[in-house]
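> Here's a structure for you.
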Amino acid sequence: MNRALRAATMGVLLLNPVALTACSAGQVSQTATQEGDELGAETEVGDITLRQIQLAYPDDGLYETGEDAELQLVIVNAGTEPDTLVGIEGEAFDGVVVSGQAAPSPTVPDSPPATPTTPGATPETTTPSPSPTPTAGTQVDIPIPPRSSVFLGGSDGPTVELADLSEELTTGESIEVTLTFAEAGEVTVPALVSAPDRVLPREDVFDFHEEEEGGEESAEDLALEDESEAGGGPGEPN
């Protein structure tokens, strides 16, 4: 009977670490999933992988109806052939405005312009016309080279604004965005309004030495009080 009891006890002791390990592994997996969700959605279409799909955090924490929202994501081309993002559309906005891309190089003339032959004549000067204001549309032209990544919204990448939102959006809410690639095809993804960058305030450093000194003084005071109560206090009869 004693041997059976010992065997059962040993089985419980051996089982507990396994159970604890399984619980711990489950918690780590859940944490990793939550962190991934905070960074934005991730999906694949063909050789293209889209990561960290989100809308930039608005200055006042809210996108009003009719405002523009910046689309941010990473486009990874894992293939050996180039691809091109040719379209961005959705029901929650009217179109997109792309800026920050390199402008095409100007064409060099084959021969210099002819100079006037009439004495006293001066060459005519032309005033360059201002660049047209980009208008919102659904067609874009963003090259995605092979074996490389393109950041939309990064410091060295193009900026994409979703124009004229049809609804209010705040942190945690999302809209559907459809991206079309020339080779990989079309994919619809949720774009989540990102949270603000939070800077935690620095708190006062806890002084353990001060706490220990305070604890020693309190112990001494309690000892003196006990002696006074036991002796009846100074000047009082026992």
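Rule-based calculations on the coordinates, nothing more; no lab input. Small disclaimer: the values here were computed from a predicted structure and weren't measured. Quick reminder, even Gly has a Cβ in these numbers, built from the backbone with ideal geometry, and neighbours come from all protein chains shown.
> Please list, ordered by chain and number, the residues whose modelled amide H lies under 5 Å from the amide H of Tyr57; skip anything fewer than 5 residues away on the same chain.
Ser194
> List, in order, the whole-Hz ³J(HN,Hα) value for each residue of the range 69-83 obtained from phi through the Karplus relation with A = 6.51, B = -1.76, C = 1.60 and θ = phi - 60°; use x for Gly and Pro.
In residue order, the calculated couplings are 10, 7, 8, 10, 6, 10, 10, 10, 9, 8, x, 9, 10, x, 9 Hz.
> Of Arg51, Arg147, how do they rank once you tally other Cβ atoms within 10 Å and put the fewest first? Intermediate values should be presented prior to the final figure.
Values: Arg51 17, Arg147 12.
Result, fewest neighbours first: Arg147, Arg51.
> Can you sort Glu81, Glu70 by how many other beta carbons sit within 10 Å, fewest first? It would help to have the intermediate numbers written out before the result.
Working: Glu81 11, Glu70 16.
Lowest to highest Cβ neighbour count: Glu81, Glu70.
> Residues with amide H under 5 Å of Phe93's amide H, sequence separation 5 or more or different chain, H placed in the peptide plane at 1.01 Å from N; which?
Ser166
> So for Phe151, Phe93, fewest C-beta neighbours within 10 Å to most, what's the order? Spell out each step's value before the answer.
Numbers: Phe151 15, Phe93 24.
Listing Phe151, Phe93 from fewest to most nearby Cβ atoms yields Phe151, Phe93.
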